[in-house]
Each structure stands twice: as C-alpha cells, then as structure tokens.
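The values are calculated or read from the model by the stated rules, or taken from the named source; none is laboratory data. Note that the structure is a prediction, hence the values are computed from the model and not measured. Note: ideal-geometry Cβ built from the backbone for every residue, glycine included; neighbour counts use all protein chains shown.
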Amino acid sequence: MSFTFAIIGRPNVGKSTLFNRLVGQKLALVDDTPGVTRDRREGEGRLGDLEFTIIDTAGLDEGAKGSLTARMQQQTETAIELADALMFVFDARAGLTPNDRAFADFARRANKPVVLVANKSEGKAGGIGAMESYALGLGDPVQISAEHGEGLSELYDALRAIMPEPEVEDDDEEIDGLTEEDFSKRPIRVAIVGRPNAGKSTFINRLLGEDRLLTSPEAGTTRDSIAVEVNWKGREFRIFDTAGLRRRSRIEEKLEKLSVADALRAVRFAEVVVLMMDSQNRFEEQDLRIADLIEREGRALVIAVNKWDLVEQQGGQIAQLRADADHWLPQVRGVPIVATSGMLGEGVDRLIDAIQDAYAVWNTRVSTAALNRWFEQAVAQNPPPAVAGRRLKLNYVTQTKARPPSFVVFCSRADAVPESYLRYLVNSLRGVFKLPGTPVRITLREKANPFAHKRKRKS
C-alpha cells in the first residue's frame with residue numbers, strides 16, 4: 001500500500017499548486033480565486049526517491065449544514081481519514097489568520113503526523129510569516145514556494161522523516177512487457193461529459209456506492225476533471241467526471257474556461273466517452289456539438305439519457321431514442337444509447353455493458369482479405385462517379401490501425417473522390433463489419449503510376 005498524504009488548509013494558500021508540483025503535472029485547476037478546488041483529487045506524487053499518494057482537498061471553511069461549502073468540508077474530512085499523514089499548508093506572506101489557527105486544532109485532533117508547510121515563502125515577507133507559525137504548535141515550518149519549486153529539499157527531509165522505509169525489491173525479479181492479456185485487463189479510460197446539471201457526478205457516485213463526488217441542484221458544481229477507479233463485476237474502469245460544457249458564447253468567467261479546458265483534455269485522453277443528456281432536454285444543439293467533438297477526436301461514443309425516472313413511461317420509447325440518435329448524429333450511426341437514472345441506479349448495468357461493447361468495437365481489426373472482398377463488392381454495387389468525364393479507379397483497401405478503426409484506400413485520383421462516396425464506404429463498412437457508433441476513418445492515397453515518366457518524355 002502506498003503511503004498517503006492529504007494536503008489541507010484554508011482556501012487560496014496554494015494547495016493545488018503544491019499538488020501539481022508533487023505529481024509533476026498540471027492536474028488540478030489553479031486560479032487566484034479562493035475555493036477553486038471542490039472535490040478531492042488523488043495523484044501519484046514523487047519527490048526525489050520518495051513515492052507516495054497525494055490527495056488535494058478543498059480549502060477548509062465553515063458553512064451551513066447541507067450547503068455546498070459544508071459538503072466540500074465533508075470531502076476534506078474523508079480525505080483526512082484516508083490519509084496516513086497531513087500536509088498543513090498556510091500562506092507565509094499573509095501570515096497566520098484565525099482560520100489557520102482553528103484548522104490547526106482540527107489537524108491536531110486527526111491524531112496523524114503533520115508536516116507544516118509555509119507556502120509562498122520567497123522573499124522577506126514570507127520568512128516573517130513562517131516564524132509566526134511556531135504558535136500553532138505543529139513543529140518547525142517547512143518554507144517552500146510551490147509555484148517556483150523552492151524549498152523542496154527541505155520538504156523532502158520532512159516527508160522522509162515520516163514515511164516508512166521503502167521495501168527492498170528482489171533484484172532478480174524480471175519485469176516483462178505487457179502481454180495482450182495484460183493489456184485487456186488494464187482499466188478502460190472513460191470520460192463522462194455533457195451539459196451542466198445532466199447528472200454526471202450523481203451517476204458516478206451511484207457506480208461507486210458512495211458520495212465520492214460533490215453533487216448539487218446548482219449547475220456548475222464540478223470544476224476539476226476528477227478520476228475515480230471503479231471495479232464493476234471484475235472489470236476495471238478509470239472514470240473521469242468532468243465539468244459541464246456550455247456553449248462557448250456563454251462562457252465568460254476565467255475559471256469556467258479552465259474547467260472546460262480540463263474537460264476537453266479528459267476527452268482526448270479517454271478511450272470511451274459517455275455523452276450524458278438530460279431526459280427532459282435531449283439532443284439539444286450543445287449535445288450535438290459535444291458528440292461531434294468526440295467523433296472528431298476519434299473516441300468511442302456511448303450516449304446515456306439520464307434522469308429517465310422523470311419521463312412518463314410509454315411503449316416504444318427506447319426505439320425512438322435510437323431513431324433520434326441516428327437522425328441527429330449520422331456521423332456515428334448505430335451509437336449505443338442507454339436510458340439511465342443516476343438517482344435510482346437504473347440502467348447502470350446496461351451502460352457498463354455498452355461501454356465495454358463500444359471499447360471492443362473501437363479496437364476492431366479486420367483482416368485484409370475480408371476487407372478487400374467487401375471493397376470489391378461495395379465498388380461493384382455502387383461504382384464511384386466519373387469526374388470531368390474521367391473514370392475514378394479505386395484499387396484496394398487496407399487497415400492501418402485500430403482505436404479508432406482507420407483505413408487507407410488506394411486510388412487513381414484522390415482529390416477527385418466526392419465526400420458523398422466516402423460516406424457511402426463508411427456506412428457500408430459499419431454495416432458489414434459491425435462497427436456501430438465508433439468513428440471510422442478512411443484516407444485516400446494515390447497509387448503511383450509506373451508509366452508516368454514515359455509520358456513526360458513523349459511530351
């Protein structure tokens with residue numbers, strides 16, 4: 001088990017900046033606005049030869065019972081329970097505040113080792129603030145600047161004193177590369193995206209069986225893209241909850257722009273993307289824009305129509321959903337669509353099955369022989385049109401890669417093949433080789449003409 005540190009402290013003291021510094025990536029959103037972090041975020045930290053799990057938390061703050069602020073504090077308290085030790089961070093430039101003193105008592109009551117971190121300690125002002133921290137009774141402060149990377153050697157010494165000695169590994173143990181079986185067992189990376197207040201966080205909490213992510217009737221509760229590990233009937237998933245995506249024209253605040261950029265990054269690193277829609281307002285323009293983005297990024301797509309418990313139940317509704325999806329999203333014809341209710345837990349099994357099926361289709365490879373048999377038949381049934389009185393000749397096709405399935409067609413004049421004919425080939429591929437919903441890429445490449453040099457000589 002990895003040793004775990006939780007970073008705690010009042011809002012806007014640089015906890016997320018320190019988290020990003022220790023994990024070596026800009027995973028957590030950082031802004032001058034207090035209270036940016038809401039959910040707790042975990043990452044694998046490294047400092048020198050020390051390796052540990054680190055949890056970024058919301059700033060400790062007081063709030064009315066049941067309020068969003070109070071639920072953020074509950075997330076922080078959960079992180080403290082999970083941690084083996086705490087990093088109590090305060091702003092050395094601002095000096096100690098009454099909130100720092102109150103939450104230092106809170107850290108002591110946790111009865112866990114505490115590393116006192118005086119962040120923003122660069123300059124004389126930072127040194128004076130750090131000296132004040134002795135009044136907290138939490139030991140010597142470690143003076144650092146998380147933003148500039150200063151003081152990390154002193155932080156290393158403080159962490160090293162708390163962490164247990166690392167286990168010595170057997171030098172004779174061989175580490176082999178990933179086999180095909182190992183690859184099939186690795187977690188499927190899934191991003192859940194959609195417009196604000198579609199129920200993304202509620203649904204993931206239902207999967208986990210706990211209130212891991214903050215939820216609220218207010219739109220825009222989620223800011224960071226939070227990754228959680230889910231084991232569902234023996235299959236591992238790494239699921240990313242993301243901020244709601246609004247139309248670009250409505251995004252004004254800098255913080256929302258950062259949240260949207262983080263959500264788009266989650267889409268690019270995912271393998272399967274679940275587009276979650278509100279059953280009361282499905283297939284709106286923004287939903288279609290998001291689906292088109294997912295297709296252009298080449299990710300496997302699954303549509304979840306959430307809050308299905310609010311829909312008056314009638315016969316034929318699921319068939320109508322599928323027809324609507326094919327009508328509004330012809331570029332991913334046959335995309336899996338599942339009716340769900342994150343509040344009641346309905347459709348969870350069906351959605352997980354759809355994710356696994358979409359992932360399998362996304363990884364499909366077709367043998368060259370079968371591919372060219374299909375190609376000959378497809379071209380014979382519907383030959384490409386003549387352009388400027390000259391016939392187009394399509395020679396053969398091959399698959400270049402999967403994830404998503406991508407093909408190259410060798411032909412005589414690549415620039416003259418109409419888009420409509422490429423759509424015909426894509427739809428035919430989907431039907432014959434059972435590739436519903438996944439993006440399919442077809443690239444045209446001109447076959448070299450061995451007699452071209454002779455023509456040039458005659459002219």
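Is there a residue in region 27-40 that is at pLDDT 75 or above and out of contact with any Asp or Glu (no Cβ under 6 Å at 6 or more places or on another chain)?
Taking region 27-40 and keeping what is at pLDDT 75 or above, we get none.
The answer is no; no qualifying residue exists.
So in region 115-134, with the set limited to residues that are farther than 20 Å from I8 by Cβ and assigned to a loop (DSSP other than H, G, I, E, B), which one is modelled with the lowest pLDDT?
G123
Yes or no: region 316-328 includes at least one residue that is aromatic (F, W, Y), part of a helix (DSSP H, G or I) and either within 26 Å of W232 (Cα to Cα) or in the same structural domain as L293 (by TED's automatic domain parsing) (or both). Break it down stepwise before answering.
The initial filter retains those residues of region 316-328 that are aromatic (F, W, Y), namely 328.
Those still in the list that are part of a helix (DSSP H, G or I) too: 328.
With the extra rule that they be either within 26 Å of W232 (Cα to Cα) or in the same structural domain as L293 (by TED's automatic domain parsing) (or both), the set shrinks to 328.
Yes, the conditions are met somewhere in region 316-328.
Looking at (1) at pLDDT 90 or above; (2) surrounded by fewer than 16 Cβ atoms within 10 Å (Cβ to Cβ), which is the only condition A414 fails?
Of the numbered conditions (1) at pLDDT 90 or above; (2) surrounded by fewer than 16 Cβ atoms within 10 Å (Cβ to Cβ), the odd one out for A414 is (1).
Quick one: which residue in V335, V361 is buried (at least 20 other Cβ atoms within 10 Å of the Cβ), at pLDDT 90 or above and part of a loop (DSSP other than H, G, I, E, B)? Break it down stepwise before answering.
Details: V361 fails: part of a loop (DSSP other than H, G, I, E, B).
Residue meeting the stated conditions: V335.
Which count do you get for residues in region 135-152 that are in a loop (DSSP other than H, G, I, E, B) and more than 19 Å from N12 (Cβ to Cβ)?
6
Of everything in region 401-420, what is within 13 Å of R445 (Cβ to Cβ) and either among the hydroxyl-bearing types (S, T, Y) or not assigned by TED's automatic domain parsing to the domain that holds R445 (or both)? Give them in sequence order. Quick ask: steps written out before the conclusion?
Pass one, region 401-420, residues within 13 Å of R445 (Cβ to Cβ): 406-415, 417.
Selection gives S406, S412.
Within region 200-240, work out how many residues are modelled with pLDDT of 80 or more, part of a strand (DSSP E or B) and farther than 17 Å from G345 by Cβ.
5
If you take the residues in region 417-438 that are without any contact (Cβ under 8 Å) to a residue 24 or more places away in the chain and either in contact with a Phe, Trp or Tyr (Cβ under 9 Å, 6 or more places away or on another chain) or not small (G, A, S) (or both), which one is surrounded by the most Cβ atoms within 10 Å (Cβ to Cβ)?
Kept after step one, since they are without any contact (Cβ under 8 Å) to a residue 24 or more places away in the chain, are these residues of region 417-438: 419-420, 422-423, 426, 431.
Applying the additional criterion that residues be either in contact with a Phe, Trp or Tyr (Cβ under 9 Å, 6 or more places away or on another chain) or not small (G, A, S) (or both) yields 419, 422-423, 426.
Values: E419: 7, L422: 15, R423: 13, V426: 18.
That would be V426.
Residue check: is Y156 surrounded by fewer than 17 Cβ atoms within 10 Å (Cβ to Cβ), in contact (Cβ under 8 Å) with a residue 60 or more places away in the chain and outside any loop (DSSP other than H, G, I, E, B)? Give the steps one after another, and end with the answer.
Values: surrounded by fewer than 17 Cβ atoms within 10 Å (Cβ to Cβ): yes; in contact (Cβ under 8 Å) with a residue 60 or more places away in the chain: yes; outside any loop (DSSP other than H, G, I, E, B): yes.
It is true that Y156 is surrounded by fewer than 17 Cβ atoms within 10 Å (Cβ to Cβ), in contact (Cβ under 8 Å) with a residue 60 or more places away in the chain and outside any loop (DSSP other than H, G, I, E, B).
Please work out which one of (1) in a helix (DSSP H, G or I); (2) surrounded by fewer than 22 Cβ atoms within 10 Å (Cβ to Cβ); (3) in contact (Cβ under 8 Å) with a residue 60 or more places away in the chain is the condition R101 fails and give its number.
Of (1) in a helix (DSSP H, G or I); (2) surrounded by fewer than 22 Cβ atoms within 10 Å (Cβ to Cβ); (3) in contact (Cβ under 8 Å) with a residue 60 or more places away in the chain, only one is false for R101: (3).
Test of understanding: among V142, V114, V89, which residue is without any contact (Cβ under 8 Å) to a residue 40 or more places away in the chain, under 17 Å from D56 (Cα atoms) and of a type in the set (V, I, T)?
Details: V142 fails: under 17 Å from D56 (Cα atoms); V89 fails: without any contact (Cβ under 8 Å) to a residue 40 or more places away in the chain.
When all the criteria are applied, what remains is V114.
Exactly one condition in (1) touching a residue at least 12 places away in the same chain (Cβ under 8 Å); (2) out of contact with any strand residue (DSSP E or B) (no Cβ under 7 Å at 6 or more places or on another chain); (3) over 27 Å from L425 (Cβ atoms) is false for Q320; which is it?
(1)
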